[in-house]
Amino acid sequence: MKSHVKSLVLAISAFFIAASLMVYPDQALEASIRGLNMWWEIVFPSLLPFFITAELLIGFGVVRFIGILCEPFMRPIFKVPGVGSFVWAMGMASGYPSGAKLTARLRQEKQLSKIEAERLVSFTNASNPLFIFGAVSVGFFHDPTLGLLLAVSHYGSNALVGFCMRFYGKNNEESTLERKPREFFLKRAFLALHETRVEDSRPFGKLFGDAVLSSIQTLLMIGGFIIIFSVFNKLLFLVGLTPIIAGGIGVFFQLLTIPTELSIPFIAGLFEITLGSQMTSGVENVTLLQQVICVSFILAFNGFSVQAQVASILADTDIRFAPYFFARILHGFFAALLSVALFVPLYIERQAFGNKETPVISPIEHQSIWTRILEEFAELGPLITLASLGLATIILIRRQWFPSIHNHKIHK
């Protein structure tokens, strides 16, 4: 019976999307182009270097080296192996869904158990600093001072989620903790690096080509999710479902003394964080603290668009999606609470004592470095995307047209 209901719901949803696309083709095209531009200009060029570098570091054994060095603090605090520190750092630096991709990769390498992987993926998918400082604080709120508050609330609450998730699955845990040999830990780390590199017999050209193809394949999947959720979010608003859902959210907001005007931006943010953050910054007759609370939850929740990307990446492994989803709700509440607790010391006091000369809307001559980086991505992003897609095409053509040469190089 449950399977029949699921089939019916999926069929109705697909029919709803198809019918809405036929009724609102112009608006759907506009939303699709908006999602494509975001992927084309920002997401692809910003994530590709991190993805390729991570694949190379895993192949060369550097990740296992880092893992042994970081085991003494990652294991007691988060109950994950030391390699989790690499995933955590890369996830914060490059943004979601990097943490999910790297966790899945390490699970496939059997450097993580299933429970450890589910713990790790729950707190290693975060927004990158470029988006928080450049897009949200400067681009949407026109207030560079706000970036530190949002960043500390976001990353601090993420660490709290990781600590809470250490208690997950403790009854049926299969640890990857190895017995510590008597060698000095730096020597053990180097030996692990050397063994990993030797076991991976691929030459550098093959390893680099695989890294490029794997990274671009993942980014193409991410682009598809960004576009479809941008369209889906627009269609929900056009058919009138967003205001209905926002009405229910508004009742909950009233209990928390949050203005109901933020309910529609909040709903938009649950689907797509960029649109939700932008709409929240434009709401009038609300305080800045209330806007920050809403944006902090949106950033931590990741949005259904990012969650769908994570679910697709995890589908190739035995890592379950449910712990990650639960952690997103927990992260959202922690981030909102931290933004309230830190609003005075990290924003009000900095405005009063440290940034008297900083205007609310920064003029062009005082642009933030994050704004300049964002503008550079917007200008150079399409060229990087085209060049990367061209490189991937060349690698695929060579492997398909000259398989004998390719195989000869591998087994040489």
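The values are calculated or read from the model by the stated rules, or taken from the named source; none is laboratory data. This one's a predicted model, so the numbers in the text were calculated from it and none came from an experiment. Backbone-built Cβ (ideal geometry, glycine too); neighbour counts: all protein chains shown. Ligands, DNA and RNA are stripped out before the accessible areas are found, and what is left, the full protein with its side chains, is counted by its heavy atoms. Shrake-Rupley method; radii C 1.70, N 1.55, O 1.52, S 1.80 Å.
Given (1) surrounded by fewer than 17 Cβ atoms within 10 Å (Cβ to Cβ); (2) at pLDDT 85 or above, where does I52 come up short, assuming only one miss?
(1)
Please go through the range 314-335 and pick out each residue that is of a type in the set (A, V, I, L, M) and surrounded by 22 or more Cβ atoms within 10 Å (Cβ to Cβ).
First, the residues of the range 314-335 that are of a type in the set (A, V, I, L, M): 314-315, 319, 322, 327, 329-330, 335.
Within the range 314-335, L314, I319, A327, A335 qualify.
Assuming E30 fulfils every condition listed in (1) at pLDDT 85 or above; (2) under 21 Å from Y324 (Cβ atoms) apart from one, which condition is it?
(2)
Examine the range 312-322 for a residue that is part of a helix (DSSP H, G or I), touching a His at 6+ places or on another chain (Cβ under 9 Å) and modelled with pLDDT of 90 or more, and state whether such a residue exists. I'd like the intermediate steps shown before the answer.
If we filter the range 312-322 for residues that are part of a helix (DSSP H, G or I), which is where we start, we get 312-314, 322.
Subsequent filtering for residues that are touching a His at 6+ places or on another chain (Cβ under 9 Å) retains none.
Looking through the range 312-322, none of the residues is part of a helix (DSSP H, G or I), touching a His at 6+ places or on another chain (Cβ under 9 Å) and modelled with pLDDT of 90 or more.
List the pairs whose first member sits in the range 159-172 and is aromatic (F, W, Y), whose second member is in a helix (DSSP H, G or I), and whose Cβ atoms are under 8 Å apart, counting only residues at least 6 apart or on separate chains?
F163/I77; F163/F78; Y168/I115; Y168/E118; Y168/R119; Y168/S122; Y168/P323
As an exercise: evaluate V306 against (1) assigned to a helix (DSSP H, G or I); (2) surrounded by fewer than 22 Cβ atoms within 10 Å (Cβ to Cβ) and give the number of the one condition it does not meet.
(2)
Take the residues of the range 278-303 that are touching a Leu at 6+ places or on another chain (Cβ under 7 Å) and outside any helix (DSSP H, G or I): which is farthest from Q254 (Cα to Cα)?
V283
Before we move on, is G224 surrounded by fewer than 22 Cβ atoms within 10 Å (Cβ to Cβ) and within 18 Å of the chain's Cα centre (by Cα)? I'd like the intermediate steps shown before the answer.
Working: surrounded by fewer than 22 Cβ atoms within 10 Å (Cβ to Cβ): yes; within 18 Å of the chain's Cα centre (by Cα): yes.
So G224 fits the description; yes.
If I58 satisfies all but one of (1) more than 27 Å from V121 (Cα to Cα); (2) buried (at least 22 other Cβ atoms within 10 Å of the Cβ), what's the number of the condition it fails?
If we test I58 against (1) more than 27 Å from V121 (Cα to Cα); (2) buried (at least 22 other Cβ atoms within 10 Å of the Cβ), just (1) comes out false.
Any idea which residue in the range 76-101 is farthest from N128 (Cα to Cα), counting only those that are open to solvent by 10 Å² or more (accessible area, probe 1.4 Å) and of a type in the set (G, A, S)?
So the residue we want is S85.
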